[in-house]
Amino acid sequence: LPILHDAASEEASGTDRSPSPASSPQTRIVRIPHDESNPLVEEVVVPVASASGEGGGGGGGGGDAVPSHLLRSLGLDDADADGVRVVPLIRTTHPPPGASQGECASLAGLFAYSVGPGGGPAPSSPDEDVPSPPPPPPPPPNVRATRLAMACGLRSARFFGDVWAGRVGHHRRLPGCGGLSLGNVDLFTSDVAFACRGSPDLRTAIADEMRGVRVPEWLGEAPRKTYEDGALLAALAAAMTRAEAREVEEDEEGDRDDGSSPSSSEGDGSWASSPGKEDDEANAAPAQKIANATLCLHCRRPAAELCDGCGGAYFCEEPRKCKANGWSHRCLCPTWRLYVRRRDRLSDFPHFSGWQLPLLGMDCFASEAPYRRFLTDVLGVLPSSTSRAAGTKAGDNWWSTELHGWSGGDGRTSRAVDVLRRRSYREGFALGDPTWIPEERRVVAEDVARANARCAEDRPDADADAADLIRTDDNGLCVLTSWEHYYRLRSLPPSSPAGLLLTFPLTLYHAIRRYGAVPLAAARMLERPLRVHVVGVEKELNFADLFKEVGFLLPEDVRVDLTWIVREDMFPKDGGGAAGKDVSLRLTTNLGLNVVGGTYGEGLDPDFDVAGGAPDMIVGMNAGLFAYESWRHVVTYLRRRPNVVGVFTDYNEHSGTNCASLGGGESANSLVMNPFRQMRAMPVYCMNLPQLSNGFFYVFNEQELDE
C-alpha cells in the first residue's frame, strides 16, 4: 500500500502552515503535476492590484486571482485568458450573518484550474486556402487531480495535463470597510495530499489504513455538498422541462386549431445534468447480466483478466486497450485493493456447519447458478428443471424471489407474488427439517437465559466472554451482535440455512436496536409506537410475514409500526398487486405493517400522506442511494429533518462509501460491516469486490442516548 508521508515531511521541514492573515493579499494554491513522480507543489499567488487600487485574493477581495496568476507565471498574456479552464469541485457557500473568519474559510469553494491545448477556440488560419495546423496532441491524464475530483463527489470528472487547485471564499473586511469580500483562501498540500495521492474514499479508517494524512472537515463534506447541488439542479431542470412541455403542448394545440397536425422533432438540443451524477464505470449499477460472465470494467465485454494492482476489476486482454483507455481506475485501484482484502472477513461465518461455503466461492461472483443449484438441488425449495417439466408450481414460498432480481412488478419472479397472501413460517421457509425454522412465538427471558447457559456449556474450559453473552439494552431489547447470538436465542442448529432469508428482518431489527435507541425512547415516553418507514421495498413484498420475526424479538411492551414505501411500478402486476396497495396488516401484537404506494417527494409527502404519521426512522435495505435519482428526495428529507434517523445497507464497500458520503463526513465514517449480512456472495460482473446482500450499514443523523 502507498505510504503517504510527504505532507508530514513538508510540515517537519519547517514550512509555515498557518493561513495568510486577512490583511494579506498573498495566498497559496497547489500544483498537481500530471507526472505522478513529481510531488505536489505549493505556489504563492500575489494578485495584481486592479485599476481602482483594490487587490484580489487573500483578505483583500477582488475575486479569484488564480487565472491571472497562471497566465503570468506561464508567460502568457490576457489574450490567452480563454485558455484557462476553471472547474468547480466544491461550491463556495455564502457564510451566515456574524460568521467568524474561520467559519468563512470553512465555507470556501475548491476549484481546479488547467492551462493548455483545448482551453480556447481551435486555432485557425487567416487564409482560407491554407489548411489549419493539426491540433496538438492531447495532454496525458492527471490521475491525482481526477482522484481529488472523485473525492469531492464528481465521479465522472476527468483531468489531463498539469492542474492547479485553489480555494475561493468570503472574507471579513477590516473594520470600517464594509461586510464581506470574495477572494482566494489558502490551500496547502496537506489539505489535499490524501485525496490526490491516496484514495477518493476519505473515511478516517481508510486514511489510517493507508497511513495518510486525514483530510480537513470541509473536504470530507464535499460529496454531500456536490450531491445537494445536483438535487437543486435536477429540480430546476425538471421544472424547466415541465414548463417547456406545457409550452409545446400549447403550441401544438394552436397548430391543431389551425388545421395542422402535430409535428415531431428529434429534440430541441437542450441538455441538463446534475454535478456528481454517477456515470463512472466503477459505480454503474449492473443493469444486465450478460451470459453469466464477468465483464470488462471499461467496455462491458466479457473479460476474465483481473487488474494486477487490486484484483478488484476485470479488463479485456491485449491487444484491446481497455486498461489504458480506462485509466480512471488507477484513481480507485489502491482503495479497491483494501476492499478486496476484506473478502475473507466478510465471508467468515464461523457458527454455521459449512453448508454456506459453496455460496461464497469465486464462481458465485460471476453467476447465480451456484445459488440456484443450492435452492433447487440441496434445499428443494424451488422447482428444478425436472420438477417444472412435471408441472410443479413455482412461487409458493419465500424463496421464489431470491433469483433473477425484482426488476419491477412485471419481472420474471414478481408477477406471481400476492402481496396479501399470509403464510406461516413453515409454509414460507418450506424447509424439510422443522428444526431449521424458528418457532412462531415471542422471545422471553427464559430463552435468553437458555442461550447464555448453552454458551457456557460450549466453553467448559473457560468462562464465557461477556461479548458472547446476550444482554438487554436500556429499552429492553436483546443485544444481538452475531448470527451465533441469534441462532442460540432461537434454538436453531448451525445446519439451518434459514439465515439466508432472515437477513432481512434481522437487519431491520439490528437497525432499530443499534441506531434507533433515541427515537424509540422518545416514542415510548409519548406512549405511541416507533414509526419506521422502510423505503425502496421490492422483493420484501413476497415475504411480509417473515418480518414477524422483528416483533418476536421485541419486548411485548415495545410497539413498532412499519410503513413500506413502495414505488408504484414495483407492485406485482398479476398477483395481489393492485389490492396490495395502501393496506394495513397486523404481524404481531406489537408490530404493525402498512403498505403504501408512492415515492418520497413525487406525490407522497412522508409528513402528511402516510396514515401512521411522519417517520422516526427511515430504513432502506440494499438501497444504492448514489445510483438512482429517485433516492434524492429521501436524502433531502433526511437533511431537512435532523431528528429523523436514516439507516441503510449496501452490497459492497465501494457503493456503501459513495452512498454514505451523501450524508456528510459523519455518515461516511459510520460505514460498518453488518453482522447479519447474507451468507452468500452475489454477482457483480464487472467488479471482483466482495458483495453480499445487506453487507454494510451506514447511518444519517445518528443519535446516541445520554449516559
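The values are calculated or read from the model by the stated rules, or taken from the named source; none is laboratory data. It should be emphasised that the depicted structure is a prediction, and the values quoted were computed from it without experimental measurement. No Cβ is skipped: glycine too gets one built from the backbone with ideal geometry, and neighbour counts run over all protein chains shown. Note: areas computed on protein heavy atoms with side chains; ligands, DNA, RNA excluded. Shrake-Rupley method; radii C 1.70, N 1.55, O 1.52, S 1.80 Å.
Scan LEU530, LEU553, LEU506 and give me the residue that is in contact with a strand residue (DSSP E or B) (Cβ under 8 Å, 6 or more places away or on another chain), at pLDDT 95 or above and within 16 Å of LEU480 (Cβ to Cβ).
On the way: LEU530 fails: within 16 Å of LEU480 (Cβ to Cβ); LEU506 fails: in contact with a strand residue (DSSP E or B) (Cβ under 8 Å, 6 or more places away or on another chain).
Exactly one of LEU530, LEU553, LEU506 is in contact with a strand residue (DSSP E or B) (Cβ under 8 Å, 6 or more places away or on another chain), at pLDDT 95 or above and within 16 Å of LEU480 (Cβ to Cβ), namely LEU553.
Which residue is farthest from TYR227 (Cα to Cα), if the candidates are limited to the range 654-707 and must be among the hydroxyl-bearing types (Ser, Thr, Tyr) and either open to solvent by less than 20 Å² (accessible area, probe 1.4 Å) or assigned to a loop (DSSP other than H, G, I, E, B) (or both)?
First pass over the range 654-707, keeping only residues among the hydroxyl-bearing types (Ser, Thr, Tyr): 655, 657, 661, 667, 670, 685, 693, 698.
From what's left, either open to solvent by less than 20 Å² (accessible area, probe 1.4 Å) or assigned to a loop (DSSP other than H, G, I, E, B) (or both): 657, 661, 667, 670, 685, 693, 698.
Values: THR657: 14, SER661: 9, SER667: 14, SER670: 18, TYR685: 27, SER693: 25, TYR698: 17 Å.
Of everything passing the filter in the range 654-707, TYR685 is farthest from TYR227 (Cα to Cα).
Can you tell me which residues in the range 146-168 are small (Gly, Ala, Ser), surrounded by 24 or more Cβ atoms within 10 Å (Cβ to Cβ) and either in contact with an Asp or Glu (Cβ under 9 Å, 6 or more places away or on another chain) or not in a helix (DSSP H, G or I) (or both)? Steps first, please.
From the range 146-168, those small (Gly, Ala, Ser) are 149, 151, 153, 156-157, 161, 165-166; that's our starting set.
From the residues that got through so far, the ones that are surrounded by 24 or more Cβ atoms within 10 Å (Cβ to Cβ) too are 149, 151, 153, 165-166.
Passing the criteria: ALA151, GLY153, ALA165, GLY166.
Part of a loop (DSSP other than H, G, I, E, B), under 31 Å from the mean Cα position of the chain (by Cα), surrounded by 13 or more Cβ atoms within 10 Å (Cβ to Cβ) and not aliphatic (A, V, I, L, M): does that describe ASP396?
So ASP396 fails the test.
Which one of these is at pLDDT 95 or above and of a type in the set (Asp, Glu): ASP616, ASP605? Walk me through it before giving the result.
Working: ASP605 fails: at pLDDT 95 or above.
Testing whether each residue is at pLDDT 95 or above and of a type in the set (Asp, Glu) leaves just ASP616.
Looking at the range 558-566, can you tell me whether even one residue there is farther than 18 Å from ARG423 by Cβ and of a type in the set (D, E, K, R)? Give the derivation first.
Looking only at the range 558-566, we keep the residues that are farther than 18 Å from ARG423 by Cβ, and these are 558-561, 563, 565-566.
Restricting the remaining residues to those that are of a type in the set (D, E, K, R) gives 559, 561.
Checked against the condition, which is being farther than 18 Å from ARG423 by Cβ and of a type in the set (D, E, K, R), the range 558-566 yields at least one hit.
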The number of residues in the range 576-596 that are of a type outside the set (D, E, K, R), more than 12 Å from ALA544 (Cβ to Cβ) and modelled with pLDDT under 95 is 4
Identify all residues within the range 98-125 that are assigned to a loop (DSSP other than H, G, I, E, B), open to solvent by 40 Å² or more (accessible area, probe 1.4 Å), at pLDDT 75 or above and not hydroxyl-bearing (Ser, Thr, Tyr); write none if there are none.
GLY98, LEU107
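Per-residue answers, yes or no, for (1) among the basic types (Lys, Arg); (2) farther than 30 Å from ARG91 by Cβ; (3) within 22 Å of the chain's Cα centre (by Cα); (4) modelled with pLDDT under 90:
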site: ALA272; (1), (2), (3), (4): no, no, no, yes
site: LYS277; (1), (2), (3), (4): yes, no, yes, yes
site: ALA291; (1), (2), (3), (4): no, yes, no, yes
site: CYS310; (1), (2), (3), (4): no, yes, yes, no
site: CYS331; (1), (2), (3), (4): no, no, yes, no
Cβ contacts < 6 Å: first residue open to solvent by 60 Å² or more (accessible area, probe 1.4 Å), restricted to the range 522-547; second residue assigned to a helix (DSSP H, G or I) and at pLDDT below 95, any location; separation 6+ or different chain. Result?
GLU538/MET570
Would you call VAL185 in contact (Cβ under 8 Å) with a residue 24 or more places away in the chain and touching a strand residue (DSSP E or B) at 6+ places or on another chain (Cβ under 9 Å)?
yes
Could you please give the count of residues in the range 431-469 that are at pLDDT below 90 and open to solvent by 80 Å² or more (accessible area, probe 1.4 Å)?
7
Pair list, Cβ under 6 Å, 6 or more apart: the range 99-118 residue within 10 Å of ARG172 (Cα to Cα), other residue open to solvent by 40 Å² or more (accessible area, probe 1.4 Å) and in a strand (DSSP E or B)
GLN101/ARG172
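Could you tell me whether the range 410-430 includes any residue that is in a helix (DSSP H, G or I), free of Cβ contacts under 8 Å to residues at least 60 places away in the same chain and open to solvent by 50 Å² or more (accessible area, probe 1.4 Å)? Explain how you work it out, then say what you get.
In the first step, residues of the range 410-430 are kept if they are in a helix (DSSP H, G or I); the result is 425-429.
Checking which are free of Cβ contacts under 8 Å to residues at least 60 places away in the same chain leaves us with 426-427.
Filter once more, so that each one left must be open to solvent by 50 Å² or more (accessible area, probe 1.4 Å): 426-427.
Yes, the range 410-430 has at least one match.
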Within the range 208-227, residues basic (Lys, Arg) and part of a helix (DSSP H, G or I) come out as ARG224, LYS225
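Within the group ALA205, ALA231, ALA195, which residue is free of Cβ contacts under 8 Å to residues at least 60 places away in the same chain, outside any strand (DSSP E or B) and within 26 Å of the chain's Cα centre (by Cα)?
Values: ALA205 fails: free of Cβ contacts under 8 Å to residues at least 60 places away in the same chain; ALA231 fails: free of Cβ contacts under 8 Å to residues at least 60 places away in the same chain.
Answer to the check: ALA195.
Looking only at the range 405-414, which residues are under 24 Å from the mean Cα position of the chain (by Cα) and over 16 Å from PHE543 (Cβ atoms)? Lay out the reasoning, then the answer.
Filtering the range 405-414 for residues under 24 Å from the mean Cα position of the chain (by Cα) gives 405-408.
Hits for the range 405-414 are SER407, GLY408.
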Condition (residue is surrounded by fewer than 18 Cβ atoms within 10 Å (Cβ to Cβ) and under 19 Å from TYR698 (Cα atoms)) applied to the range 484-499: is it met by at least one residue?
no
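Please find, within the range 126-181, the residue that is nearest to the chain's Cα centre (by Cα) out of those that are basic (Lys, Arg) and at pLDDT 70 or above.
Within the range 126-181, the subset basic (Lys, Arg) is 144, 147, 155, 158, 167, 172-173.
Okay, now just the ones that are also at pLDDT 70 or above, so 144, 147, 155, 158, 167, 172.
On the way: ARG144: 22, ARG147: 17, ARG155: 12, ARG158: 20, ARG167: 26, ARG172: 37 Å.
Per the stated criteria, the residue is ARG155.
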Enumeration of residues in the range 598-631 that are open to solvent by 20 Å² or more (accessible area, probe 1.4 Å), outside any loop (DSSP other than H, G, I, E, B) and either out of contact with any Asp or Glu (no Cβ under 9 Å at 6 or more places or on another chain) or of a type in the set (Phe, Trp, Tyr) (or both):
GLU602, GLU629, TRP631
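Residues checked against (1) of a type outside the set (Gly, Ala, Ser); (2) closer than 30 Å to ASP473 by Cβ:
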{"residue": "ARG559", "(1), (2)": "yes, yes"}
{"residue": "LYS573", "(1), (2)": "yes, no"}
{"residue": "LYS581", "(1), (2)": "yes, no"}
{"residue": "PHE608", "(1), (2)": "yes, no"}
{"residue": "GLY613", "(1), (2)": "no, yes"}
{"residue": "ALA623", "(1), (2)": "no, yes"}
Of all the helices (runs of 4 or more DSSP H) wholly in the range 449-557, which have at least 1 residues that are under 24 Å from ARG423 (Cα atoms) and aromatic (Phe, Trp, Tyr)?
483-489, 499-515, 548-553
Out of (1) of a type in the set (Ser, Thr, Tyr); (2) at pLDDT below 95; (3) within 30 Å of ARG412 (Cα to Cα), what's the single condition that is false for THR472?
(3)
